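Values quoted throughout were computed directly from the atomic coordinates according to the rules given, and no laboratory measurement underlies them. Being a predicted model, the structure only gives us computed values, none of them experimental. We place every Cβ from the backbone using ideal geometry, glycine too, and count neighbours over all the protein chains shown.
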């Protein structure tokens, strides 16, 4: 198949094709992990309680566990005196039974002794050697949390898709869960292609630049809930790129490359993908980022981003982040994850292509960042981008726009 | 010093005392880490560029590098023919000099050859064997990114306090940074105290409950940017708690305990802190969470949270999260991190104490979660809490309130 058989895709079509490929070639996976390490992870199934909670009738206050009827009519003026037959700390139990005229001194959190149905707070008691004066009347179950009152066994306590906050982890811990099933993070490998790129730590010969995309896109994939790694650089060379893709696909679910040059990479990547598998997208009608390529090799998605870091970041955010985040089990509506504001300067846009304009958000002010598309330093201040539809030539100063924020979970 | 010398603190006073202790006993620390692992970390200093970027005059398009004056007057009808003396891929260099009548074929990203001052896009050229017809006029610097045009050496490129997004990591990578100075995460140890608590994985004898606070508060501290670990449980016993605190303080900056019983822990913790150091807060006038204790031991803050998990979580969020987040170098205004909405049901509150009411946020609807304070399952659905001032007895249905969201970075 040659390049000529694939027309450049409109951005909406490209989004749909990519989502469909994700849906066809991947299913959400789950894994069992320790609850204590589950912060921020997403439940892959509903969770039901294993036991009643509290697991026993529990004293809610420090005081005396009594038969409530023994307190009826008690007051400061006319206290009722009860015999204290034991003392119960939280975590302790007793064989003694509370009968009429008797009581057990009890700490908050302790299991109620048999027979007792209420706690009189210590503030309303006068303790003597082996007896206590009750100075108030209490009702049945007063200051007692009944077994199962918080939740009963086999009840739905957390839902599939819930993000595990510290509080939700607390709920799991209270039920004795040591491990929990969460969505597995999709694994993403990132390769940087280009003869001109050099890794940090090396000297920079004239004509070369340091690689940006490898570790930048890796972190972008992490922000989508993926387990991502930078797999290194490869020359802009057919055999080397082919070997690198084949070798890398064993280790990851999704492979993302980005190339040193727009035309150069697009071609090499296209030829490699044509031989190894099938190309579904070769070119998206967006500015910047036209030379984007998407294919399937061995049942796995391989994406070629533009080599220019700003373009790569925007294309990743616009076309890869939504399906990748979904595959990580994270329910995020990217179309709704926008902030609104007013443009501080007008934006000119080429007609016929969707344009992504980098912007900085400053309260209500949306400031376009005008730099040529190679200007990596625009990323020092950019918060996201505005989409200028292909039919629009100009967005005027003061116009209200929606900003797609870069995904930084 | 006995308990009687410390009056219960109003919540605003407690906040101020805790912040002052953090300010007095800690300073923000920084550490050098690998740029590739720096996603989400916070810069501890301004960052300046190490070199001009681009580091050389760079071709922005595939085409021919020429002397722009050689194209003056060129058009499709009257092309100018130039001799092609070399081919430059990105990353390559040439010794050849572009003089009048000559040019070098060039790829996007390549360093411009000496002499050339513009690129003619390949779309406006007719290539022949060793010559090319130029079909358009170009201006000096056209489709060339001049050395230093994106940033010059020694310019401020990122600021102290910046959170390292993938894009900002890209900026650092482009300048060849292998490592970067970021704020060190404060280390937090969490201890759970109580005779009634058992760790997950063990059987649960009658009268015992599984520990919640250890791993819940650990994750809460992580959400504030801390490096936190659960250090295990200890009996509600003076000698054991004292030994555990002494042993733990060697390893962490801040120690947080939480106890099995309100009175029990408060007392034991109070006595231990009195012996080992100094207690600054013993009791805060809030509901729930009154039995909170804050002291200094060996120049480190030790905090005793209520044993009840819901109380512990709220007290942590209200009193510990703000100074801890600040110590992690994260600039977050907790007073502004609120959402507004209208109460779906009225809240009754005890006069004389600030009350924290757990709520669920559902769009504009703020739903109070009414459970007794031991009800861990309220955390299945709680998004945060509403503060009811101590002078207020009732917040009515429909009243607008501010919700302090639980901190889940």
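Key figures
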| read-out | value |
| --- | --- |
| Radius of gyration and Dmax over the Cα atoms of segment A:195-275, both given in Å | 13.2, 38 |
| Cα-projected label distance for residue A:337 with residue B:202, points at 7 Å along beta-carbon direction, nm | 4.1 nm |
| Residue exposure sequence - A:276, B:379 - by fewest surrounding Cβ within 10 Å | A:276, B:379 |
| Theoretical FRET efficiency, 1/(1+(r/R0)^6), r = Cβ-Cβ of residue B:96 and residue A:37, R0 56 Å, to 0.05 | 0.40 |
| Computed over segment A:338-405: relative contact order in percent, which uses C-alpha pairs under 8 Å that are six or more apart | 50 percent |
| Degrees separating the helix A:238-249 axis from the principal Cα axis of chain A, which is the longest one | 10 degrees |
| Residue mean of other protein chain beta carbons inside 10 Å, B:217-223 | 5 |
| Length-normalised contact order for chain A - Cα pairs under 8 Å, 6+ apart - percent | 16 percent |
| Cα gyration tensor of the protein assembly as shown - equivalent ellipsoid semi-axes, whole Å, descending | 65, 25, 23 |
| Packing-based ranking, highest mean first, of A:151-158, A:25-32 given that Cβ atoms within 10 Å are counted | A:151-158, A:25-32 |
| Stokes-Einstein D (µm²/s) once Rh is taken as the Kirkwood radius of segment B:338-405 over alpha-carbon pairs, at 4 °C in 1.567 mPa s | 110 µm²/s |
| Antiparallel bridges, percent of DSSP beta bridges restricted to chain B (to nearest 5) | 65 percent |
| Rounded tilt (10° steps) of B:213-223 against the dominant C-alpha axis of chain B | 30 degrees |
| In nm, spacing of pseudo-spin labels at residue B:76 and residue B:274 (7 Å Cα→C-beta vector) | 9.5 nm |
| P(r), alpha carbons of segment A:43-105 - 10 Å bins starting at zero, rounded % | 17, 40, 22, 12, 8, 3, 0 |
| Reciprocal mean inverse distance between Cα atoms of segment B:84-211 - Kirkwood radius, Å | 20.9 Å |
| DSSP beta bridge pairing in the protein assembly as shown, given as percent antiparallel to the nearest 5 | 65 percent |
| Normalised convex hull volume, segment B:53-154, alpha-carbon set, Å³ per residue | 81 Å³ |
| Label spacing, shortest first and in nm, from residue A:100 to its equivalents in the remaining copies (7 angstrom along Cα→Cβ) | 12.5 |
| Chain B: angle of helix B:262-276 to the longest principal axis, Cα-based, in degrees nearest 10 | 70 degrees |
| Neighbour-count ranking [beta-carbon atoms within 10 angstrom, fewest first] of A:64, B:377 | B:377, A:64 |
| Other copies of residue B:201: label-to-label distances in nm, shortest first, labels 7 Å along the beta-carbon direction | 3.5 |
| Segment B:151-199 versus segment A:58-97: alpha-carbon centroid distance in Å | 54 Å |
| Calculated [θ] (222 nm, deg cm²/dmol) that DSSP helices of n ≥ 4 give over the protein assembly as shown, each run adding -39,500 (n - 2.57) | -5500 deg cm²/dmol |
| Inter-chain Cβ neighbour average for residues B:57-70, partner chain, 10 Å | 1 |
| Descending principal axes extents, segment B:21-77, alpha-carbon based, whole Å | 80, 20, 17 |
| Peptide A:201-208 - average C-beta neighbours from other chains (10 Å radius) | 5 |
| DSSP bridge orientation in segment B:1-149 - percent antiparallel, rounded to nearest 5 | 75 percent |
| Computed over chain B, Cα set: Rg, Dmax in Å | 32.2, 99 |
| Spherically averaged projected area of segment A:257-409 from its Cα convex hull (nm²) | 9.4 nm² |
| Label geometry 7 Å along the beta-carbon vector: residue A:16 inter-copy distances in nm | 6.2 |
| nm² value of the averaged projected area, convex hull over the Cα atoms of segment B:293-380 | 7.6 nm² |
| Percent of C-alpha pairs per 5 Å bin, segment B:186-238, short to long | 5, 22, 25, 20, 15, 9, 4, 1 |
